Structures are given as C-alpha cells and as structure tokens.
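See below for the structure under consideration.
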Amino acid sequence: MTREPLALYVHWPFCVSKCPYCDFNSHVRAEIDQDSWRDALLADLAHEARLLPGRQLTSIFFGGGTPSLMDPATVEVVIGAALSHWPTAGSVEITLEANPNSVEAARFADLAAAGVNRLSLGLQSFDDKALAFLGRAHSAGEGWRALEIAERNFRRVSFDLIYALPGDTEDSWSATLAQALSLGTSHLSLYQLTIEPGTRFATMVQKQQFAPLDDDLAAALFELTDDMATAAGMPAYEISNHARQGQESRHNLTYWRYGDYAGIGPGAHGRRLGMRTMRHRKPENFLAAVTRNGHGIAEGEPLSAVEAADEALVMGLRLREGIDVQAIAERFGVPMLVDSERVSALVKSGHLEQNGTRIALTRDGRLLLDHILGEIAATDVRALAVA
Ligand code: SF4
C-alpha cells in the first residue's frame, strides 16, 4: 500500500534579538520555560497526528525564530513523538535552522545526537560590517567556527547568505560568493535583501536612513549568482536555493510541489486534508490555546479547488523544474489553469520554457516571477481564487 507522504514543520518562535529586516514570527523573551514548550509542542503535534493517521512522514523541519535555542532534549522528544505517530520509509530528512553564535554552536553535537541530520545555518555574511548592518548577533569569526562545527556534526549542512545590501557591487558579491562556493557544502540559500513592511528596515528606508540597492544592480547580482553557482555545480532549483544534484531540501520541495504538511508551534502554517491552517502567532496566546483546546490552531480554512490550483501554480513556478499545468488542473478538477496565448507570448519573449504540458521560468523569467504569475493565470482561475 502506498501511503500519502507528509512533511512536518515545527516553529520555535524565540530569538536572542530581533533583526531589523525580519518579518518572521520571532519574539524576544527574558525567560522561556522549556518544559511548558515541550509539552505544548507535543500536544499540538498529537492533534495533527490524530487528524492524519497512517501518513508516511518524509521530513521534519525545525524553523523559527531560532530553533538552535531549543533544549536538544525537547528536539529529541518532538522527533521521537513524530516518528511514533507516523510510519516512515527509509530515512527522514530532519533539518534544524541554527544561528552561528558560540552558545548555539556548542549545542550542535547534542542536536545531532537528538536526531537532526541536516543543519541550515544562518551565516548571512562573512563581513562584520554587513553583519552589524543586518543586526545579527554573531561575528564573521563565529560564523566560520560554527560552520566548521556543523560540518563535523551533520551529514548535510546548508547555509544562508543575504546579498544586494546597500553598497554591494558585482565585485564585492562575486568575491563573497566565490568564497561561499569554495566551502564544499552541498546546499546554499542565497537571498536578496528585501524590505518587508512593518520591519525596522522599512521605517529606516522611509526616513531615508538608507536606500535599498538599485533594481538594475540587484538584477545583475541575481544573474551573477546564477552564473557562478551553476558553474560550481550548484544550480538554483528554486529562486533562491541552490544544491548539488540530490541535495535539495526534501522538506521545502514538499511545499513547492504542493504536498501536504502539518505545521505546529506559534504562527506555523499548515496545509493538509484540503485545509489551510494557521497557529496563534504570539507565544503566550499559543500556549493558552493549547491548554484550552489541546492544539494551537487559530484558523483553519478549507481551500476551494480553484484556490488550491492557484496556490500550486504560484508555488510550483518558483522551482526550476516548473509545473505540469495539466496535472495540476486534473488534480484539482479545474478546467484551465493558465492562459495558453499568454504562455506562448512569454515563451516567445524568452521568459518561459514549455515542454508539452510543463512550463518553467527561464532565468529572465525568474527575475519577473510576480509579474509573470499575474500574466499567465487564466482569468477565471485568478478571479475565483481572489474572490
Ligand atoms: S534570527 Fe532569524 S528569525 Fe530571529 S529575528 Fe533574526 S532573521 Fe528573524
């Protein structure tokens, strides 16, 4: 019997400080009662397990916030509970996001012993001045040491860098990227700095305390990134994610391929059984909800076939492999997913590639993802999805 696969996302909402560019659900608290958090996460997990019996667990992802601040014993019991709730086939990819300061790096061996087999390290830069601008709580030296410790302890290590900072040039970014590509990790997440509404950076930009990098230069850096990473054997498999063949994040591929995932912990999103779920964002509200209801769900909303098809299109086009428009239309019983005339026009202009019923963005197209999504969605699908 083939069991339907399932990914599990666990959100740890705490950080030592708030980075000025961050719009994630992260909170700074003087004290964290690890026992209460362990119990709440286990209860929230058990709730999802009751709703999803017999699914095959393929991956677990501890994101945040800063999950490397979790007590490794809590990580271990959450992993153990997930593995006891759901059967698996072969190995389960278990990723944890970590910040590279020395306190957290000292826990890497314990986190590996707890069952984590893939570490995603938020290095963000190799330059102390850039790290200070980004408000990061670690130095470049700590980053190097954390990477070394991570590579000793985990079979798979990825790290993140943020580029297109004010003052970045093609020369400065190509030097940084060459260094990153020489380090031998099999996965890299390379994000352009974006100014998200409601962040401290958004206020600073509004007050003209700094200006984001010019769009044309940011686009040139994106192309440079693609060229250098591809030449080094780490092409992009998603807009910002690069991997050696076979080293893609299985967990994130589940999101982008529109598979089901259960999301537990404050603010976690989930998508399962045709529903979109969202947990209470504020840590205290989440704990109170778990005490009251046995789970942390704030909203659970059924997805219509049209909404689901539209989301599958939006998520899937982020991937280099693109999407099979006919397969998605059949999966959700939607007559027409994309406007074929507009797709043909974008193929002609070099923004899309088409192979039978599959379409994918070209490199030029990847720079214009949002615009292209607006262009190609069949009018009735888009109108119904936003109605
Ligand atoms: S460490 Fe990560 S999650 Fe925490 S504030 Fe900084 S960017 Fe946000």
Principal axis dimensions, the chain - Cα atoms, whole angstrom, descending: 57, 51, 44
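What FRET efficiency comes out for Glu223 versus Glu196 if R0 is 22 angstrom and r is the Cβ-Cβ distance? Round to the nearest 0.05.
On the way: r = 23 Å, r/R0 = 1.07.
About 0.40, to the nearest 0.05.
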For the chain, share of DSSP beta bridges that run antiparallel, in % to the nearest 5: 40
Residue with peak Gaussian network fluctuation, the chain [Cα springs, cutoff 10 Å], from Val116, Val103, Val157: Val103
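Quick one: which of 93-100, 243-250 comes out on top by average Cβ neighbours within 10 Å, and what's the full order, highest first?
On the way: 93-100: 25.2, 243-250: 16.4.
Descending mean neighbour count gives 93-100, 243-250.
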Nearest-0.05 FRET efficiency for Met336 and Glu170, computed from C-beta distance (R0 51 Å): 0.75
Nonlocal amide H pairs with Ile60, under 5 Å, H built at 1.01 Å: Leu8, Glu93, Ile94, Thr95
Whole-angstrom gap from the range 293-368 to the range 54-80, using each part's C-alpha centre: 30
Residues whose placed amide H lies under 5 Å from that of Ser120, excluding near-sequence neighbours: Leu96, Glu97, Ala98, Ser158
Unmatched cysteines, the chain - criterion: no other Cβ of a Cys under 4.7 angstrom: Cys15
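Please compute the length gained on full extension between Ala46 and Asn355, using 0.36 nm multiplied by the number of residues separating them and subtracting their Cα-Cα distance.
So the extension gain works out to 107.0 nm.
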Size of electric dipole in the range 250-344: Cβ of Lys, Arg +1 and of Asp, Glu -1, about Cα centre, debye, nearest 20: 520
Lysine pairs in the chain with Cα atoms under 22 Å, if 8 or more residues apart or on separate chains: 4
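Using a ≥ b ≥ c from the Cα gyration tensor of the range 1-59 (square roots of the eigenvalues), is it rounded, prolate or oblate, where a/c under 1.5 gives rounded and otherwise the larger of a/b and b/c decides, a/b for prolate? Write down the numbers at each step before the final one.
Values: a/c = 4.32, a/b = 1.90, b/c = 2.28.
Judged from the Cα gyration tensor, the range 1-59 comes out oblate (a/c at least 1.5, b/c at or above a/b).
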Size of charge dipole - the chain - debye, nearest 20, with Cβ of Lys, Arg +1 and Asp, Glu -1, no other charges: 860
Candidates Gln208, Gln192, Gln354, ranked by Gaussian network fluctuation over the chain, Cα under 10 Å, top entry: Gln208
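Counting pairs of alpha carbon atoms under 8 Å apart in space and at least six apart in sequence, what relative contact order in percent does the chain give? All intermediate terms of the calculation are to be shown ahead of the outcome.
Values: 684 pairs, mean separation 58.6, N = 387.
Relative contact order comes out at 15 percent.
At a Förster radius of 41 Å, what calculated FRET efficiency corresponds to the Cβ-Cβ distance of Asp216 and Thr88, to the nearest 0.05? Please list the in-between numbers first.
Working: r = 48 Å, r/R0 = 1.16.
Calculated value: 0.30.
Quickly estimate the mean residue ellipticity at 222 nm for the chain, helices only: each DSSP H run with n ≥ 4 gives -39500 (n - 2.57), and the total goes over all residues, rounded to 500. Can you show the working numbers first?
Values: 17 runs with 165 residues, N = 387.
The helix-only estimate for the chain comes to -12500 deg cm²/dmol at 222 nm.
What is the percent of Cα-Cα separations in the range 114-236 that go past 19 Å?
Working: 3860 of 7503 pairs.
Summing the P(r) tail past 19 Å for the range 114-236 gives 51 percent.
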Interchain or long-range residues, amide H under 5 Å from Glu238's placed H: Arg320
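Once you keep just the Cα pairs under 8 angstrom separated by 6 or more residues, what percentage relative contact order results for the range 113-166? Kindly include the intermediate steps, with their values, before the conclusion.
Working: 52 pairs, mean separation 29.1, N = 54.
This gives 54 percent for the range 113-166.
FYI, it's all coordinate maths here, none of it is from the lab. Treat the numbers as computed from the prediction; the structure is a model and nothing was measured. Methodologically, a virtual Cβ is constructed for each residue, glycine included, from the backbone with ideal geometry; neighbour enumeration extends over all protein chains shown.
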